[in-house]
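**Student:** Quick one: the structure is below, questions incoming.
The values are calculated or read from the model by the stated rules, or taken from the named source; none is laboratory data. In this text the structure is predicted, and so the values were computed from the model without any measurement. Neighbour counts are summed over all protein chains in view; Cβ atoms, including those assigned to glycine, are modelled from backbone coordinates with ideal geometry. Just so you know, the surface numbers come from the protein's heavy atoms only, side chains and all, with ligands and any DNA or RNA stripped out. Shrake-Rupley method; radii C 1.70, N 1.55, O 1.52, S 1.80 Å.
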Amino acid sequence: IGRAVAQLLPGLIGGQGWRPSHPAALGSPSGNLLTGSDFATDSGGVASGWEIYNTAAQLTVTPFTESRVMAVDGDTCGKNQVLSILGVGVVASASTTFRKVGVQDLPSSGEYAQVRIPFSLKDVEGVRGITLQVTGTAGGTTMTLYDKSFDNSAGADAIAEDLSGWLISSVFKVPEALTSLILSVQITVGAAQVSALEARLWQPELRIVS
């Protein structure tokens, strides 16, 4: 009997238990410094504490939130932030930014942090870029702590298919005497995007990694 059991154990030891589609489905999103990251409340269709910023004149952005549904989203944790982006007369590229300001008191100077935001883009015809940016101000100097993702605003090609994934920053060190910290997602479309683009974001995370 012992030998029979021993033959079965290697396949069972180390196996992962059930995991939800997002850590917040287990309850409070442990380790996430951002409050209200489930987008449970909004003002004018924009999640509380966030804003639509620096939208190009050629774009009309209609924001709204929608409850997450198990059959579609994989969990029922909070809401999605949806940005319906319609361009008229876009020649090369035009962009809009969804951002959160005033989070400089969440991390401590000297800590190493990372930002993660899941997203999806629907009805894509000509997306030029989606960029995650983290900027901070310390000692009167504004600096870019992270600024990189897909960005082809100056290139010849554009994405013409729906896509989804995570925007994940590299690990950055929180500067001394930080007086401002801004988390931004910039979405850029080109002339080929003639229909309204639907961008969805949910459960943004700001975490200390060391």
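**Student:** Considering only residues that are closer than 16 Å to SER170 by Cα and outside any loop (DSSP other than H, G, I, E, B), look in segment 98-126 and name the one that is nearest to the chain's Cα centre (by Cα).
**Tutor:** Step one: list which residues in segment 98-126 are closer than 16 Å to SER170 by Cα, which gives 107, 110-118.
From what's left, outside any loop (DSSP other than H, G, I, E, B): 112-118.
Working: TYR112: 19, ALA113: 15, GLN114: 12, VAL115: 8, ARG116: 6, ILE117: 3, PRO118: 5 Å.
Once the filter is applied, the top-ranked residue is ILE117.
**Student:** If you don't mind, there's one more thing I want to ask. Every residue in segment 33-42 that is hydrophobic (A, V, I, L, M, F, W, C), within 16 Å of VAL101 (Cβ to Cβ) and either open to solvent by less than 30 Å² (accessible area, probe 1.4 Å) or in contact with a helix residue (DSSP H, G or I) (Cβ under 6 Å, 6 or more places away or on another chain) (or both), please. Step through it out loud before you land on a result.
**Tutor:** Step one: list which residues in segment 33-42 are hydrophobic (A, V, I, L, M, F, W, C), which gives 33-34, 39-40.
Retained after the next criterion (residues that are within 16 Å of VAL101 (Cβ to Cβ)): 33-34.
Selection gives LEU34 alone.
**Student:** Provide a single number: the residues in segment 48-64 that are farther than 16 Å from ILE85 by Cβ and surrounded by 16 or more Cβ atoms within 10 Å (Cβ to Cβ).
**Tutor:** First, pick out the residues of segment 48-64 that are farther than 16 Å from ILE85 by Cβ: 48-49.
Now restrict to residues that are surrounded by 16 or more Cβ atoms within 10 Å (Cβ to Cβ): 49.
Result for segment 48-64: 1.
**Student:** Let me confirm something: among GLY110, GLY45, GLY74, which residue is within 29 Å of THR179 (Cβ to Cβ) and either at pLDDT 95 or above or exposed (fewer than 15 other Cβ atoms within 10 Å of the Cβ) (or both)? If you could, list the steps in order and put the result at the bottom.
**Tutor:** Details: GLY45 fails: within 29 Å of THR179 (Cβ to Cβ); GLY74 fails: within 29 Å of THR179 (Cβ to Cβ).
Residue meeting the stated conditions: GLY110.
**Student:** Go through segment 127-150 and give me each residue that's within 13 Å of TRP166 (Cα to Cα) and in a loop (DSSP other than H, G, I, E, B). Full working, then the answer.
**Tutor:** To start, the set of residues in segment 127-150 that are within 13 Å of TRP166 (Cα to Cα) comprises 130-132, 148-150.
Hits for segment 127-150 are LYS148, SER149, PHE150.
**Student:** Taking the conditions exactly as written (closer than 24 Å to VAL46 by Cβ, surrounded by fewer than 15 Cβ atoms within 10 Å (Cβ to Cβ) and touching a Phe, Trp or Tyr at 6+ places or on another chain (Cβ under 9 Å)), does SER164 satisfy them or not? Steps first, answer last, please.
**Tutor:** Details: closer than 24 Å to VAL46 by Cβ: yes; surrounded by fewer than 15 Cβ atoms within 10 Å (Cβ to Cβ): yes; touching a Phe, Trp or Tyr at 6+ places or on another chain (Cβ under 9 Å): yes.
When the stated conditions are applied, SER164 passes them.
**Student:** Every residue in segment 189-210 that is open to solvent by less than 10 Å² (accessible area, probe 1.4 Å), out of contact with any Cys (no Cβ under 9 Å at 6 or more places or on another chain) and not in a strand (DSSP E or B), please.
**Tutor:** If we filter segment 189-210 for residues that are open to solvent by less than 10 Å² (accessible area, probe 1.4 Å), which is where we start, we get 189-190, 193, 197, 199, 201, 203-206.
Narrowing further to those that are out of contact with any Cys (no Cβ under 9 Å at 6 or more places or on another chain): 189-190, 193, 197, 199, 201, 204-206.
Those that are open to solvent by less than 10 Å² (accessible area, probe 1.4 Å), out of contact with any Cys (no Cβ under 9 Å at 6 or more places or on another chain) and not in a strand (DSSP E or B): GLN193, PRO204.
**Student:** If you don't mind, there's one more thing I want to ask. Taking segment 77-94, which residues are closer than 19 Å to VAL185 by Cα, open to solvent by 10 Å² or more (accessible area, probe 1.4 Å) and modelled with pLDDT under 95? If you could, list the steps in order and put the result at the bottom.
**Tutor:** Our first condition is that a residue be closer than 19 Å to VAL185 by Cα; within segment 77-94, this holds for 79-87, 93-94.
Then keep just the ones that are open to solvent by 10 Å² or more (accessible area, probe 1.4 Å); that gives 79, 84, 86-87, 93.
GLY87, SER93, listed by residue number.
**Student:** Looking at segment 167-185, which of its residues are in a strand (DSSP E or B), of a type outside the set (Gly, Ala, Ser) and open to solvent by less than 60 Å² (accessible area, probe 1.4 Å)?
**Tutor:** Keep residues of segment 167-185 that are in a strand (DSSP E or B), which gives 167-168, 172-173, 178-185.
Filter once more, keeping what is of a type outside the set (Gly, Ala, Ser): 167-168, 172-173, 178-179, 181-183, 185.
Answer for segment 167-185, where residues must be in a strand (DSSP E or B), of a type outside the set (Gly, Ala, Ser) and open to solvent by less than 60 Å² (accessible area, probe 1.4 Å): LEU167, PHE172, LEU178, LEU181, ILE182, LEU183, VAL185.
**Student:** Next up: Would you call SER67 more than 20 Å from ILE130 (Cα to Cα), open to solvent by 30 Å² or more (accessible area, probe 1.4 Å), without any contact (Cβ under 8 Å) to a residue 12 or more places away in the chain and more than 15 Å from the chain's Cα centre (by Cα)? Walk me through it before giving the result.
**Tutor:** Numbers: more than 20 Å from ILE130 (Cα to Cα): yes; open to solvent by 30 Å² or more (accessible area, probe 1.4 Å): yes; without any contact (Cβ under 8 Å) to a residue 12 or more places away in the chain: no; more than 15 Å from the chain's Cα centre (by Cα): yes.
No: the conditions fail for SER67.
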